[in-house]
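Contents: one structure, followed by commentary.
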Amino acid sequence: QSVFNRLPHAIYFAPGRVNLIGEHIDYNGGRVLPAAISTGTYFAIARNGAARANVFSTLFQERKTIELSELLSIKATGHWTDYIVGLLLQLNNSFAPLAGVDILVASDLPQNSGLSSSASFTVGFGFALCDLLGFDLDRVSLALAARAAENDFVGVNCGIMDQFAIAMGKADHCIELDCSSLEYELVPMHLAGYEIVIANSMVPRKLAESNYNLRRTECEQALNVLQKQYSVVHLCELSASQVESCTELRKADVLWRRARHAVNENERVYESVAALKQGRLADFGICMNASHDSLRDDYEVSCPELDVLVDAARSIPGCLGSRMTGAGFGGCTVSIVESATLPEFSARLLEAYARSTSY
Ligand code: GLA
């Protein structure tokens, strides 16, 4: 009320997400295993009776106005409101003319830390707007619209994992998602005596500025080489041995390692889901460890600070596995840790991290 001089119609929450395994393969038609988390983004929203969206971010302590009549001519500038404009453009395709709204956005999710603050922002804003204005948009379509907002307007060539996990997540479940068909299954998290622990390296990562788009291009180049030999649409349709035996790809060492990560990671998701369903948490931990090693060595999206966190976590008794989560180049790790050892785990992890890094 103090920002817009009106009470909100409603307040909405969109979670962030942690990816348990299946990293950098959503855009390669692979399987991923993310889960929604209980920190996220909050939206207070009301109609304002004008042809504009007024947006206030508590994080940036900044208020911006977007004139809806100018929507089609607005250019992305790298400002946080790009995500709002991108999503408004998507909704405008199906539901024009849009009505004016006042929106206040707050978040308890660390930004640029691999927990999908941007997808939480776009999906949550889209959900709130559709609910307020009575637009009939199912959650999968909302996830696709939010991804299109990032791809087409913000300029990040991200896959569908984050938006899907945020739109479709459920308490005490992770989501096994086939990113080529969008078929999915909610997998119950029976962690009896264990916890999922997220550790923030505090190394900031901005997707648009990172090598994320470059990795996507490298995967497309690797796919082009493999398609001379195999009739496939996505990298993750191939087996590890098919990638290993492609002599032309092996000559392009970097591309070969990128493709090798993708197919091995996809295989690890199958193994992880089976292990989770059968309560074999130690096997799940082994897959998490192998995932990180592959992201560090073959895919080269880790960084020294993430490696310190992962190595330290693995050396602490009670930790079954640890890996970076999200796009990498900074951000968070995810570990599976015995509940009874949590206080000791946290203390030792913090101590090891402070000793080896400046963060
Ligand atoms: C970011 C992208 C996702 C996915 C991950 C890496 O979070 O938004 O689409 O590619 O990186 O797994």
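Things to note:
- Charging the Cβ of each Asp and Glu at -1 and of each Lys and Arg at +1, and nothing else, the dipole of the chain about its Cα centre rounds to 500 debye.
- GNM result for the chain, Cα springs below 10 Å: residue of 79, 24, 190 fluctuating most strongly: 79
- A cut-off under 13 angstrom between Cβ atoms defines the neighbours of residue 40, and their net charge, with Lys, Arg +1 and Asp, Glu -1, is -1.
- For residue 40, distant residues with modelled amide H under 5 Å away: 16, 108, 109
- Expressed as a whole percent, the accessible surface of segment 1-155 that belongs to carbon and sulfur atoms is 49, based on a 1.4 Å probe.
- For residue 70, net neighbour charge (Lys/Arg +1, Asp/Glu -1) across residues whose Cβ lies under 14 Å away: +2
- In units of the rule-of-thumb radius 2.2 N^0.38 Å, the chain shows an alpha carbon radius of gyration of 1.02.
- Count Lys and Arg as plus one, Asp and Glu as minus one, and take only other residues whose Cβ is under 14 Å from that of residue 335; the net charge is then -2.
- Pairs of lysines in the chain whose Cα atoms sit within less than 20 Å of one another amount to 4, provided the residues are eight or more positions apart or on different chains.
- Cα centroid separation, segment 157-236 to segment 239-284 (Å): 14
- Its Cα gyration tensor gives segment 1-142 an equivalent ellipsoid, and the semi-axes of that ellipsoid, as √(5λ) in whole Å with the largest first, are 26, 18, 15.
- Summary value for segment 1-138: 31 percent relative contact order, contacts being C-alpha pairs under 8 angstrom separated by 6+ residues.
- By average C-beta atoms within 10 angstrom, highest first, the peptides 176-189, 64-77, 152-165, 323-336: 323-336, 152-165, 176-189, 64-77
- Comparing 222, 312, 340 in a Gaussian network model of the chain (Cα springs below 10 Å), the most mobile by mean-square fluctuation is 340.
- Across the options 204, 249, 78, the greatest Cα extent toward the positive end of the charge dipole of the chain (unit charges at beta carbon of Lys, Arg, Asp, Glu) belongs to 78.
- Relative contact order for the chain, counting Cα pairs under 8 Å that sit 6 or more residues apart, in percent: 20
The values are calculated or read from the model by the stated rules, or taken from the named source; none is laboratory data. Predicted, not measured: the structure shown is a model, and the values here were computed from it. No Cβ is skipped: glycine too gets one built from the backbone with ideal geometry, and neighbour counts run over all protein chains shown. Ligands, DNA and RNA are excluded from the accessible area calculation, which covers all protein heavy atoms including side chains. Shrake-Rupley method; radii C 1.70, N 1.55, O 1.52, S 1.80 Å.
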